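Enquirer: Supplied in structure tokens, the structure appears directly below.
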Amino acid sequence: MDRKEKNGYLVEGMVVEYKEKPSGKLLNKIIGAKLKAIRLDKGLKAETVVGDNKKFFTTIYDLWKFERGTKTCTSKYFALCKYYKYGVDHLFERIN
């Protein structure tokens, strides 16, 4: 099982759990995992993403914490959505 497939199952499971019992902490994890899936699908390395978004991520560790859902913030979310050319509405349509 590769990283893309593993992350896909992780996102699906978290969405099902979120629909049963909504939680802010779980939503942060879903957002981070979904953006990680987009990064993996596009074949981008973490170093590239951090290098192109130095204003929002100072180190790879910052991106890692965001993708894990432990340190999320809307400015980083919108910066990554713009960088990946991913519509903000797509994620929330899937969850709702």
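No value in this document is a laboratory result; all are computed from the given coordinates. Since this is a predicted model, take the numbers as computed values, not measurements. Cβ sites come from the backbone with ideal geometry, for glycine too, and all protein chains shown count toward neighbours.
Enquirer: Give the number of residues within region 46-67 that are surrounded by fewer than 15 Cβ atoms within 10 Å (Cβ to Cβ) and in contact with a helix residue (DSSP H, G or I) (Cβ under 6 Å, 6 or more places away or on another chain).
Expert: Residues in region 46-67 being surrounded by fewer than 15 Cβ atoms within 10 Å (Cβ to Cβ) and in contact with a helix residue (DSSP H, G or I) (Cβ under 6 Å, 6 or more places away or on another chain): 1 in total.
This table checks each residue for (1) over 24 Å from Tyr83 (Cα atoms); (2) surrounded by fewer than 17 Cβ atoms within 10 Å (Cβ to Cβ); (3) in contact with a Cys (Cβ under 6 Å, 6 or more places away or on another chain).
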residue: Lys6; (1), (2), (3): no, yes, no
residue: Gly13; (1), (2), (3): yes, yes, no
residue: Gly24; (1), (2), (3): yes, yes, no
residue: Ala33; (1), (2), (3): no, no, no
residue: Arg39; (1), (2), (3): no, no, no
residue: Leu44; (1), (2), (3): no, yes, no
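Enquirer: Further question: How do the helices (runs of 4 or more DSSP H) wholly within region 13-91 filter down when requiring 2 or more residues that are touching a residue at least 40 places away in the same chain (Cβ under 8 Å) and either farther than 21 Å from Arg3 by Cβ or within 13 Å of the chain's Cα centre (by Cα) (or both): which remain?
Expert: Filter on region 13-91 gives 24-42, 74-84.
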